[in-house]
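Here is the structure we will look at, set down as structure tokens.
The values are calculated or read from the model by the stated rules, or taken from the named source; none is laboratory data. Since we're looking at a predicted model, the values are computed, not measured. For neighbour counting, all protein chains shown are included, and Cβ atoms are generated from backbone atoms with ideal geometry for every residue, glycine included.
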Amino acid sequence: MKTLKPIDKSEILKLYKPISPTTHKGLQGHALFIAGSYGKMGAAVLATRSCIKSGCGLVTAFVPRCGYHIMQLANPEVMVYTDDVERRISNVNVGIHPNAVGLGPGLGLSSQTQKAVLNYLKKNHYPLVVDADGLNILSKNREGLALLPPKTILTPHFKELKRLIGDWQTEDEKIDMTISFSKKYNVIVVVKGAPTLIIDGSHIYKNTTGNAALATAGSGDVLTGIITSLLAQSYEPINAAIIGVYLHGLTADIALPEMGVQSFIASDIINYLGQAFLSIEKT
């Protein structure tokens, strides 16, 4: 029987760092997102918006050319660099030095993009969160796993996890296989589900917030943005993952009496982030 440490409010209060009243945007971290492709720009919009709504001082998006106007109109607070190619990312070339990087939302799986991601991983040394098609690219190009910085945070859902670690027969086997994977590549794995688990080597954390309202398109992109934001604000990777999943779930718990389950969408997670942060700070 595995020991799962609960992620509850008492645990969050030990880790959470209130923002200094004398801070400024230059001290609040700079996050870079490598995201988006034709038809999937919404993922980049959600990830970057949730990042800046989680306290990050500066957010930059690197997107294909087709995403430029979408990003500028949807998220005027986010800076935008574009690839030379119209519909997909082909070469990650951005001259900034972020505090953390979010990779994967809406990237697509073109061979050009897969090559671009692997080339970027060879030179990246910034703290990293990988989600969605970033995970699928790693599954298809397993040599990329050895290029990840120590304690990179991976955020797979059920199918993405299977592509990474292989199939399992029982819940215990799934956890054992994820622990082995985490140890082998020195990564933190956020196993999204009900409940969400965080596996960091032999340490397993079980989130206590959230409900079925989170089972909606774009929910994972928002989680990636929240965790990347906390990572950029100098939280240790495991603490960024723990606080991120807690806040993500808490938004749905706060909204449930007002919205129910069916009408809650990913944008609502972002809209309720302020109340989620306040519920921590008022304690």
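The table below gives the values:
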{"quantity": "Subset of the stretch 93-108 that is over 19 Å from L46 (Cβ atoms) and not β-branched (V, I, T) - its residue that is surrounded by the most Cβ atoms within 10 Å (Cβ to Cβ)", "calculated": "N99"}
{"quantity": "Count of the stretch 1-27 residues which are free of Cβ contacts under 8 Å to residues at least 40 places away in the same chain, farther than 15 Å from T208 by Cα and not aliphatic (A, V, I, L, M)", "calculated": "8"}
{"quantity": "Only listed residue being β-branched (V, I, T) and either surrounded by fewer than 24 Cβ atoms within 10 Å (Cβ to Cβ) or over 18 Å from A100 (Cα atoms) (or both), chosen from T251, T228", "calculated": "T251"}
{"quantity": "Helices (runs of 4 or more DSSP H) enclosed by the stretch 168-261 - at least 3 residues per element that are in contact with a strand residue (DSSP E or B) (Cβ under 6 Å, 6 or more places away or on another chain) and within 14 Å of I7 (Cβ to Cβ)", "calculated": "237-259"}
{"quantity": "Residues satisfying the stated conditions in the stretch 201-227, i.e. closer than 17 Å to I12 by Cα and not basic (K, R)", "calculated": "H203, I204, Y205, N207, T208, T209, G210, L223, I226, I227"}
{"quantity": "Number of the exception - N75 against (1) under 17 Å from T224 (Cα atoms); (2) out of contact with any strand residue (DSSP E or B) (no Cβ under 9 Å at 6 or more places or on another chain); (3) free of Cβ contacts under 8 Å to residues at least 60 places away in the same chain", "calculated": "(2)"}
{"quantity": "Some residue of the stretch 157-165 being under 18 Å from K40 (Cα atoms) and touching a Pro at 6+ places or on another chain (Cβ under 8 Å)", "calculated": "no"}
{"quantity": "Those residues of the stretch 1-54 which are within 28 Å of H203 (Cα to Cα) and in contact with a His (Cβ under 8 Å, 6 or more places away or on another chain), in sequence order", "calculated": "K5"}
{"quantity": "Tally of residues being closer than 15 Å to S229 by Cβ and crowded, with 24+ Cβ neighbours inside 10 Å across the stretch 50-65", "calculated": "6"}
{"quantity": "Candidate set from the stretch 117-131 (those that are assigned to a loop (DSSP other than H, G, I, E, B) and either among the aliphatic types (A, V, I, L, M) or under 16 Å from the mean Cα position of the chain (by Cα) (or both)); member that is nearest to L223 (Cα to Cα)", "calculated": "D131"}
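Yes/no per residue for (1) at pLDDT 95 or above; (2) more than 30 Å from T170 (Cβ to Cβ):
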site	(1), (2)
L4	no, no
P21	no, yes
A35	yes, yes
T60	yes, yes
G67	yes, yes
